[in-house]
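Report on one structure; see the data block that follows.
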Amino acid sequence: MGKDVIIALDVDSREKAMAFLERFTDEKPFVKIGMELFFAEGPAVVREIKARGHKIFLDLKLHDIPNTVRRSISILAGLNVDMLNLHAAGTKAMMEAAMEGLTRPDGTRPLLIAVTQLTSTSQERMESDLWIEKPLDEVVMHYAQNAAASGLDGVVCSPLESGKVHDVCGKGFLTVTPGVRFADGDIGDQVRVTTPAKAKELGSDYIVVGRPILKADDPVAAYRRCVAEFVD
Ligand code: C5P
């Protein structure tokens, strides 16, 4: 599985998504479509971007009863996307059901990645709202192990956690890592950030980069800089 840069296509319309992608004439970046664009435009935008030759991480973070997740994930896999995700909090039973629904009739399947605890969840909130009274980093690793035991391909995590995830779940278990910023860039609302070069050094398998590319004066140059630091 090759390392790659995934651009978070965090826009609210097909027009904005296409205007952005049209800037790329020489390469076809791997893109992440999240709830915002998917809920605005539906599966048609996924098909259109796929037809342009891009790999797609459809970031819809499924979390429901196992039967519903099995059936829904097979619909999403049918869009020929390359990566899907769900909440590990849905339990191993839900993740195993998701794996059952993932394989397409032709035997191929997208990668399936788990979200552990959202990075917006603090230790305090996890204890007070969720009644989980364990250290957050241990909860993250436990959820990652549950995902690996259920047959998933990896987790979304901080680049700073990639090494530990690989130690606990194996080198082949993928780490898909947001929170990436250039050394000389604006960090925005991200708290713990890492450069693409540092993410590579820490062992991330994929970096997910949004604003440093979307908001750059020259997004193609910013994308190439990520690739040069992370992949090449
Ligand atoms: O613009 P930025 O580079 O911060 O975008 C990062 C992307 O990764 C966004 O789509 C964000 O929702 C997503 N993400 C994140 N942190 C997580 C999980 C997902 O920033 N823990």
- Note on the structure: Filtering region 196-215 for residues that are more than 11 Å from the ligand (Cβ to nearest atom) and surrounded by fewer than 20 Cβ atoms within 10 Å (Cβ to Cβ) leaves a count of 6
- Query: Consider G2 against the criteria (1) over 25 Å from L118 (Cα atoms); (2) more than 15 Å from the ligand (Cβ to nearest atom); (3) without any contact (Cβ under 8 Å) to a residue 40 or more places away in the chain; (4) not aliphatic (A, V, I, L, M): it satisfies all of them except one. Which criterion is unmet?
  - Reply: (3)
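Which of the residues spanning region 83-110 are within 16 Å of the ligand (Cβ to nearest atom), among the hydrophobic types (A, V, I, L, M, F, W, C) and within 24 Å of V31 (Cα to Cα)? Show your work before the answer.
Filtering region 83-110 for residues within 16 Å of the ligand (Cβ to nearest atom) gives 83-89.
Then drop every residue that is not among the hydrophobic types (A, V, I, L, M, F, W, C), which leaves 83-84, 86, 88-89.
If the condition is that a residue be within 16 Å of the ligand (Cβ to nearest atom), among the hydrophobic types (A, V, I, L, M, F, W, C) and within 24 Å of V31 (Cα to Cα), then M83, L84, L86, A88 are the ones that fit.
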- Query: Restricting the search to region 196-232, which residues are of a type in the set (D, E, K, R) and farther than 21 Å from T25 by Cα?
  - Reply: K198, K200, E201, D205
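Yes or no, residue by residue, for (1) farther than 15 Å from V115 by Cα; (2) free of Cβ contacts under 8 Å to residues at least 12 places away in the same chain; (3) within 15 Å of the ligand (Cβ to nearest atom):
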residue: L152; (1), (2), (3): no, no, no
residue: V165; (1), (2), (3): no, no, yes
residue: L174; (1), (2), (3): no, no, yes
residue: T177; (1), (2), (3): no, no, yes
residue: I187; (1), (2), (3): yes, yes, yes
- Query: Is there a residue being without any contact (Cβ under 8 Å) to a residue 60 or more places away in the chain, in contact with an Asp or Glu (Cβ under 7 Å, 6 or more places away or on another chain) and under 25 Å from D205 (Cβ atoms) anywhere in region 66-84?
  - Reply: no
- Task: Go over the candidates C226, C169 one by one and state the one that is within 16 Å of the ligand (Cβ to nearest atom) and either in contact (Cβ under 8 Å) with a residue 24 or more places away in the chain or hydroxyl-bearing (S, T, Y) (or both).
- Result: C226
- Task: Within region 114-135, identify whether any single residue is touching a Phe, Trp or Tyr at 6+ places or on another chain (Cβ under 6 Å), at pLDDT 95 or above and more than 14 Å from the ligand (Cβ to nearest atom), and answer yes or no.
- Result: no
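The values are calculated or read from the model by the stated rules, or taken from the named source; none is laboratory data. Keep in mind the model is a prediction, meaning the values are calculated, not measured. Counting neighbours? That spans all protein chains shown, and the Cβs are built from the backbone with ideal geometry, glycine included.
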